[in-house]
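Here is the structure we will look at.
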Amino acid sequence: MKKIGIIGGLGPEPTIEYYKIITGHCRRERKRCPRIVIYSMDVDELRDLFDADRRKDIVETLFEGIRAINGAGADFGLIAANTPHIVFGELAEISPIPLLSIVEETLRAIEEKGLRRVGLLGTSFTMRSDLFQRELQPAGIEVFVPNEGEQEYIQRKIYQELTAGDFRGETREGLLDIVGNLIERHSIEGLILGCTELPLILDRDELGIPFLDTARIHAEAAIARCMEE
């Protein structure tokens, strides 16, 4: 099996989920665990760089992680978070090892389900950027995001609660209300959980549409790559 390199810590709980998904699947299917290298980054440092819109520094900081997993012998790498994929193109160009894109893998999952109208929840950086739109729209998939006030609520809850491992029932209900609004306003057929903390609180599809867990999709793509000969 190929050695997997994970750039994690953004935040810690999703990184743990990636590890559990990958090792759990391999134990069930292959009766052995893959070799995994995890480079844990400083989530607050990277958040400050995004807040200041210091794109060059974001690339350089993430590239430190790529160099680290490459130096540890990883055959390929993945960044265990959605927002850093805003600079995925720059990183892929300079990376010494192949990188798996969370956006490209999510597109494959959406196409497999035959969805054409999807909602997107994530950090404000993810929702306001064209991170998912630039990949999905050419494939004929429309992407809809919450309104500005709802985006501010989601951003606050992600940074003040979810990245700290604080999962509250009232926050879950608030997020589900926003999803309900997207269904009512835009007739979305599915929902992209575009922040790897979100599946930890929106863990059940309760509103009659599939919730696309980008962390699980990404981790399962890593499993497939790991098992390639």
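Details
- Put simply, the C-alpha atoms of the chain give a gyration tensor, and the ellipsoid matching it has half-axes of 27, 20, 17 Å, longest first.
- For the stretch 103-213, a Kirkwood hydrodynamic radius built from all Cα pairs, placed in the Stokes-Einstein relation at 37 °C and 0.692 mPa s, yields a translational diffusion coefficient of 236 µm²/s.
- Under the simplified labelling scheme, the residue 167-residue 227 pair shows an inter-label distance of 2.6 nm, with each label point 7 Å from Cα along Cα→Cβ.
- Between the Cα long axis of helix 55-71 and the first principal axis of the chain there is an angle of about 40°, rounded to the nearest 10.
- Placing dummy labels 7 Å off each Cα toward the beta-carbon, the span from residue 72 to residue 57 is 2.5 nm.
- Dividing the helix sum by the residues of the chain, where each DSSP H run of 4 or more adds -39500 (n - 2.57), gives a mean residue ellipticity at 222 nm of -15500 deg cm²/dmol.
- The stretch 1-89 has equivalent-ellipsoid semi-axes of 26, 14, 9 Å, by the square roots of 5 times the alpha carbon gyration tensor eigenvalues, sorted largest first.
- Length added when fully stretched, residue 113-residue 133, from 0.36 nm per residue minus Cα-Cα: 5.4 nm
- Relative contact order computed over the chain (Cα-Cα under 8 Å; 6+ residues apart), in percent: 26 percent
Coordinate-derived values only; no laboratory data. Here the structure is a predicted model, which means the values were calculated and not measured. Reconstructed Cβ throughout: ideal geometry from the backbone, glycine too, with neighbour counts over all protein chains shown.
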